[in-house]
1. Out of 205, 230, 216, 249, report the one residue that is within 25 Å of residue 316 (Cβ to Cβ), without any contact (Cβ under 8 Å) to a residue 12 or more places away in the chain and part of a helix (DSSP H, G or I).
2. Out of curiosity, is residue 285 of a type in the set (D, E, K, R), under 22 Å from residue 203 (Cβ atoms) and away from the ligand (no atom under 16 Å from the Cβ)?
3. Which members of the stretch 154-182 meet the condition of being away from the ligand (no atom under 13 Å from the Cβ), open to solvent by less than 20 Å² (accessible area, probe 1.4 Å), under 17 Å from residue 225 (Cβ atoms) and of a type in the set (A, V, I, L, M, F, W, C)?
4. Out of (1) under 28 Å from residue 108 (Cα atoms); (2) open to solvent by 70 Å² or more (accessible area, probe 1.4 Å); (3) of a type outside the set (Ser, Thr, Tyr); (4) assigned to a loop (DSSP other than H, G, I, E, B), what's the single condition that is false for residue 18?
5. Return a yes/no flag: does the stretch 71-80 have any residue that is open to solvent by 30 Å² or more (accessible area, probe 1.4 Å), in contact (Cβ under 8 Å) with a residue 40 or more places away in the chain and part of a strand (DSSP E or B).
6. What number goes with the only condition from (1) away from the ligand (no atom under 14 Å from the Cβ); (2) open to solvent by 10 Å² or more (accessible area, probe 1.4 Å); (3) within 21 Å of residue 29 (Cβ to Cβ); (4) outside any helix (DSSP H, G or I) that residue 151 does not pass?
Amino acid sequence: MNKRITVSAPGKLMLFGEHAVVYNHPCLVTAVDERMYATVEILEDKNFELHAPDVKVTDYKKPLSELGSGEVPKGAKFVEIAVKNFFEKYSLNTSIRVSTKSDFSSEFGFGSSSASTVCIVKALSELFGLHLGDKELFDISYKTVLDIQGKGSGFDVAAAVYGGVLRFVTGGKEIEPLNIPSLPLIVGYSGVKADTVALMNQVKELSNNNPGMVEEIYQEIEGIVRKARESLGKNDWQTLGGLMNKNQELLVKLGVSIPKIDNMISAALSAGAYGAKLSGAGGGDCIVCLAPEEKQTMVENAIIKEGGTIIHVSTGTRRVRTEK
Ligand code: PMV
C-alpha cells in the first residue's frame with residue numbers, strides 16, 4: 001500500500017442561479033484552473049496532524065479518538081470533519097498527516113473549503129484502495145459541508161469533483177457535465193469577504209416574509225439558467241451577458257448585492273461589457289463579466305478604477321485528480 005499521496009481539485013465560480021439552487025432550482029457553475037492541493041501521509045502513531053499554512057493552521061495535532069471534538073480551528077474544520085466522516089464510514093482508524101496548499105486565496109470565494117474537502121476524500125479513497133466513484137466522493141464531501149455549515153447546495157463540491165462546466169441541482173440530485181471548452185470570463189474581486197451562510201439565512205428570512213415574491217424570483221432565475229445553458233453551447237457571449245444582467249437584477253431584488261459590487265458592475269457595463277453579475281452568495285467576493293474581445297482591457301481597467309482586482313482564471317478545468 002502507498003503511504004503518501006497528493007491530490008488536487010479545482011476552485012469554482014457560480015455562473016448563474018445562486019440562491020435559487022439551494023431551493024431545488026438548477027444552477028450553472030464552472031470550475032476554474034486555480035487548484036487546491038492536499039498531501040496525505042500515513043503515520044505510525046494514533047494521531048491526526050494537519051499543516052495548512054494558507055489558512056493559518058500549522059502543526060495542528062490531536063489523537064484520532066478526538067477527531068471532530070473540542071476546539072477545532074476554523075482553518076482545520078473541513079479537513080478534520082472530512083477525515084472523521086471518511087473513517088467512520090469505512091471503519092478506519094489510521095494515523096495520518098495532511099498538508100494543504102492552495103493556488104488561490106481563501107478570501108476570493110473560489111470554494112477553498114469545498115475543494116480541500118474533496119481533495120481529502122479523494123486522497124483517502126485512493127490511499128486506502130477504495131477508488132470511490134464521483135458520486136460517492138461527492139456524497140461524503142457534501143455531508144462534510146452540511147455537517148459544518150448546516151446548509152448549502154453542494155455546487156462547489158460538484159465543481160471540485162467533476163471539473164468543467166456543470167448544470168447542478170441541490171444536493172447533487174442532478175449533476176450534468178456540459179461540454180464547454182472555455183469561457184472568456186473577466187473576474188473582478190471586490191476585496192470584501194462574503195459570509196455565505198449569513199447571506200443564505202438573510203434570503204431565507206426574506207422568503208419567510210414574502211414567500212410568493214421570492215419563489216417568483218427563483219422561477220425567473222430558473223428560466224435564465226435554461227436560456228444560459230442553450231447560449232453556452234453556441235459561444236453566444238452577447239446573449240449570455242444579457243442573461244447575466246437579468247440574473248443580477250434578480251439578485252439585487254433578493255437583497256444580496258452591495259454598493260461595491262454594484263459600482264464594479266456599472267463600470268464594467270459602461271466600459272462595454274455585454275453583461276456582469278456577482279458570483280456566489282453576494283455581499284462581496286467576485287463579479288463575473290463577459291465582454292467583446294476588443295473591450296476586455298477597458299472593462300478590466302474600469303473594474304480596477306472602482307477598487308476591484310482582476311483575477312485571471314481559465315475555465316474548462318480538470319476534475320479532482322491524483323498528482324503523484
Ligand atoms: O458564496 P459562495 O461562492 O459559496 O456561493 C454560494 C451560493 C449559494 O447558492 C448562495 C449557496 C449554495 O450553496 O448554493
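The values are calculated or read from the model by the stated rules, or taken from the named source; none is laboratory data. Being a predicted model, the structure only gives us computed values, none of them experimental. Cβ sites come from the backbone with ideal geometry, for glycine too, and all protein chains shown count toward neighbours. Just the protein is used for accessible areas: all its heavy atoms, side chains included, with ligands, DNA and RNA removed. Shrake-Rupley method; radii C 1.70, N 1.55, O 1.52, S 1.80 Å.
1. Among 205, 230, 216, 249, only 230 is within 25 Å of residue 316 (Cβ to Cβ), without any contact (Cβ under 8 Å) to a residue 12 or more places away in the chain and part of a helix (DSSP H, G or I).
2. Criteria not met by residue 285.
3. Within the stretch 154-182, 165, 180 qualify.
4. (2)
5. No, the conditions are met nowhere in the stretch 71-80.
6. (1)
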